[in-house]
């Protein structure tokens, strides 16, 4: 289904800047996978998901905001040392970044809330933060 | 609640002060450098600010740099994430780049685009748990 015309005047720059952020997230997650105890990396990735949440809310990608918020909640628990950063958690974060990127770059991408893969990933992440 | 208002424009500063004064003790600063000094002194004296309202475009030190300094001070002092000050950017800048800079590089808590109204600001404070909904 085609996405409606973007109502925001920053549409193109939003996509450009958000993809730049996703590239940084990709690098951080790659490192976090090898260094799960690294609190600086964890803090950075937490901030990145918080940023996606805010951007989504401000620039009319509410589905991205909703999705990123769920990840942020789990990662903040890890930052507060209430749970460990595991390989599976990082893999879920990586999968979510790929979905975000595809949502931003595919002209006919539908709202993530209608995407079965996104729903599955969200369900998994919710299981980490009941 | 201890509040730090950082705003170079006197009218906006006065507006924020009027909105927030009934809810807390407000300290006013006119640029980022002054704000970082006030924030450091409060932190070191064991009476940190609960809320910082931070404009971005200011002389001396802009709000983005002040935000990074504020978070650095907190980290240097070993402040845990749950006790970090709530920092709300209050700005006319609404580009994705500014938003990313503030959240991702800076670590702000929230971001409000001017004009700031009483209801907009108080709603955010309620959402963040700094004010009760009554």
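The values are calculated or read from the model by the stated rules, or taken from the named source; none is laboratory data. Since the structure is predicted, the reported quantities are computational estimates derived from the model, not experimental observations. Counting neighbours? That spans all protein chains shown, and the Cβs are built from the backbone with ideal geometry, glycine included.
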For the stretch B:71-88, which residues satisfy the criterion of being within 14 Å of another protein chain (Cβ to nearest Cβ) and either in contact (Cβ under 8 Å) with a residue 40 or more places away in the chain or under 13 Å from residue B:106 (Cβ atoms) (or both)?
-> B:71, B:72, B:74, B:75, B:84, B:86, B:87, B:88
Is there any pair linking a residue in the stretch B:98-116 that is within 7 Å of another protein chain (Cβ to nearest Cβ) to one that is crowded, with 20+ Cβ neighbours inside 10 Å and in a strand (DSSP E or B), with Cβ under 8 Å and at least six apart or on different chains, and which?
-> B:99/B:111; B:103/B:111; B:107/B:87; B:111/B:88; B:111/B:89; B:111/B:91
Of those in the stretch B:117-131 that are over 18 Å from residue B:48 (Cα atoms) and more than 14 Å from chain A (Cβ to nearest Cβ), the residue surrounded by the fewest Cβ atoms within 10 Å (Cβ to Cβ) is B:119
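Filtering the stretch A:34-73 down to residues that are more than 14 Å from chain B (Cβ to nearest Cβ) and assigned to a helix (DSSP H, G or I), which residue is modelled with the highest pLDDT? Give the steps one after another, and end with the answer.
Keep residues of the stretch A:34-73 that are more than 14 Å from chain B (Cβ to nearest Cβ), which gives A:34-38, A:62-63, A:66-67, A:70-71.
Going one step further and asking which of them are assigned to a helix (DSSP H, G or I), we end up with A:34, A:62-63, A:66-67, A:70-71.
Details: A:34: 96, A:62: 91, A:63: 90, A:66: 92, A:67: 92, A:70: 92, A:71: 93.
My answer is A:34.
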Considering the stretch A:55-84 alone, what residues qualify as being under 11 Å from the mean Cα position of the chain (by Cα), free of Cβ contacts under 8 Å to residues at least 40 places away in the same chain and under 17 Å from residue A:14 (Cα atoms)?
-> A:56, A:65, A:68
Could you tell me whether any residue of the stretch B:61-69 is crowded, with 18+ Cβ neighbours inside 10 Å and either in contact (Cβ under 8 Å) with a residue 60 or more places away in the chain or out of contact with any helix residue (DSSP H, G or I) (no Cβ under 9 Å at 6 or more places or on another chain) (or both)?
-> yes
